[in-house]
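Step one of this worksheet: look at the structure below.
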Amino acid sequence: MAITSAICSSFKQELLQGKHNFASSGGDTFKLALFTSSASLGAATTDYSTSNEVTNTSGTAYTAGGETLTRSGVGLTGTTAFTDFTDVTYSSASFTANGAMIYNTTTGTGTSTTDSVAIIAFGGDKTASNGTFKIEFQQTTLQQQ
């Protein structure tokens, strides 16, 4: 199993169908879920699943489904479009994560209401033991050139 960083292929197609709204006001709801090294996530991922999602070894820092992300809207620098999210911090966390998925809970097709947007590989296991686990977003987290 492996987690590979990618903007999901299904998301790229859905953008052309007008399914995702990243506006900071009135836009869709996006979440960030954390996964273990047993997960198999990458460009072909289409939907959120609880399979191999992180679970707390103690405490209540992480909840299944992840955290709701706060968007700053969209921007354009030269020929690069981008969006940004507020950093996510889990306090008093006790878990190990190998990567994350950003997904949209507003859209969906058929029985799915959790369209995947992007996969973020951490490059190895990252562990918090009753400490702080923080995901920092840079302005270029999701960009299309």
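The values are calculated or read from the model by the stated rules, or taken from the named source; none is laboratory data. Note that this is a predicted model, so its numbers are computed, not measured. Ideal geometry is used to build each Cβ from the backbone, glycine not excepted, and the neighbour counts take in all protein chains shown. Accessible surface is based on the protein model in full, side chains and every heavy atom, while ligands, DNA and RNA are left aside. Shrake-Rupley method; radii C 1.70, N 1.55, O 1.52, S 1.80 Å.
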Any idea how many residues of region 73-98 are touching a residue at least 60 places away in the same chain (Cβ under 8 Å) and under 26 Å from Ser24 (Cβ atoms)? 6
Which count do you get for residues in region 54-88 that are in a strand (DSSP E or B), open to solvent by less than 20 Å² (accessible area, probe 1.4 Å) and modelled with pLDDT of 90 or more? 2
Within the bounds of region 39-46, is there any residue that is modelled with pLDDT under 95 and either over 18 Å from Ala2 (Cα atoms) or open to solvent by 10 Å² or more (accessible area, probe 1.4 Å) (or both)? yes
